[in-house]
Amino acid sequence: MNELSVNHLLGIKHLTIEDINLIFQTADNFKEVINRPIKKVPSLRDVTIANLFFENSTRTKLSFELAQKRLSADIINFSASQSSVKKGESLIDTVNNILSMKVDMVVLRHPNPGAPKMLSNKISASIINAGDGSHEHPTQALLDSYSIREKLGEVKNKNILIVGDIKHSRVALSNIYSLQLQGANVMVCGPKTLIPKYLHKLGVKIEHSLEKALKWCDAVNMLRLQNERMKNSFFPSIREYTKYYGLTMNHLDSLDHKIIVMHPGPINRGVEISSDVADSKYSIILDQVENGVAIRMAVIYLLAKKNTFKIQ
């Protein structure tokens with residue numbers, strides 16, 4: 001297989017295991033490129049990409065921009081806070097105005113779940129979902145799995161733990177889909193109020209004791225509290241949350257096996273993860289950041305190769 005089965009990256013649930021393997025193989029090549037003295041290839045020299053971010057973003061936006069520049073694409077950056085959206089313009093009108101400038105691909109982050117899917121039915125350009133509300137964040141899940149594979153050799157049959165605000169996290173849902181597709185065992189851990197009831201239907205293990213969950217896993221992905229999406233109080237206090245679900249060196253040193261520690265960012269040090277853990281030998285957080293550029297280069301390249309013209 002040398003091309004993706006999809007025309008857009010809307011979510012992990014639309015991908016096949018062959019798609020993921022192809023993305024990882026392509027990312028391997030691009031990771032070698034970005035570690036060269038000259039970190040650029042002319043692969044997308046004639047492709048124009050619009051980055052449409054209707055929500056704040058630092059790491060994801062910078063990672064996509066860097067990936068696009070490494071591929072020599074032309075880039076249009078759009079910020080909703082400085083656009084006609086503030087004047088009442090609809091998402092479709094905004095995108096159609098941008099597409100009239102002959103844009104080939106759109107990277108979209110939007111607060112409403114399903115916005116990338118809706119847009120994919122209205123326009124001809126390829127769409128990459130950079131996060132839609134609390135629904136999915138597919139490139140984050142891909143880079144997380146890629147990082148696990150890099151450190152543990154493979155994802156299949158590994159025990160992967162996701163800790164924190166599962167209820168409001170698009171990273172959690174995309175990771176569950178991605179990890180299970182690759183044959184991993186997945187467990188979530190957090191307060192009962194932050195674990196959605198539908199998870200048992202996905203075949204995910206649920207544990208409310210962080211200590212027990214850590215003894216089970218090969219890798220742990222620590223998620224921050226999505227306070228901006230919480231309309232109610234889901235736990236008594238930040239202090240109590242940290243007491244029961246904050247990862248510390250004491251947890252890791254007490255284990256009889258070594259695990260790897262991950263975090264999609266932004267990190268709230270001293271809340272879901274202590275500073276010494278984030279900066280420790282167990283942590284692969286900075287590897288995730290580096291791998292994010294290679295994965296996004298791979299996704300952009302493969303979609304452009306399939307949908308715009310035959311790239312050599």
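Just one residue in the set Lys281, Lys305 is assigned to a helix (DSSP H, G or I) and either surrounded by fewer than 21 Cβ atoms within 10 Å (Cβ to Cβ) or among the polar types (S, T, N, Q) (or both); that residue is Lys305. For the stretch 1-30, a tally of residues being more than 23 Å from Leu173 (Cα to Cα) and surrounded by fewer than 19 Cβ atoms within 10 Å (Cβ to Cβ) returns 6. For the stretch 49-80, a tally of residues being touching a Lys or Arg at 6+ places or on another chain (Cβ under 8 Å), surrounded by 19 or more Cβ atoms within 10 Å (Cβ to Cβ) and among the β-branched types (Val, Ile, Thr) returns 1. Here Asn175 fulfils each of the conditions (1) in contact with a strand residue (DSSP E or B) (Cβ under 7 Å, 6 or more places away or on another chain); (2) farther than 14 Å from His263 by Cβ apart from (2).
Here Ser147, Ser174 are screened, and the one residue that is in contact (Cβ under 8 Å) with a residue 12 or more places away in the chain, crowded, with 16+ Cβ neighbours inside 10 Å, of a type outside the set (D, E, K, R) and out of contact with any Gly (no Cβ under 8 Å at 6 or more places or on another chain) is Ser147. Among the residues of the stretch 145-153, is any closer than 19 Å to Asn221 by Cα, in contact with a Cys (Cβ under 6 Å, 6 or more places away or on another chain) and not in a loop (DSSP other than H, G, I, E, B)? No, the stretch 145-153 has no match at all.
Where a number appears in this text, it was derived from the coordinates with a stated rule and is not lab data. All of these numbers come straight from a predicted model, not from anything done at the bench. No Cβ is skipped: glycine too gets one built from the backbone with ideal geometry, and neighbour counts run over all protein chains shown.
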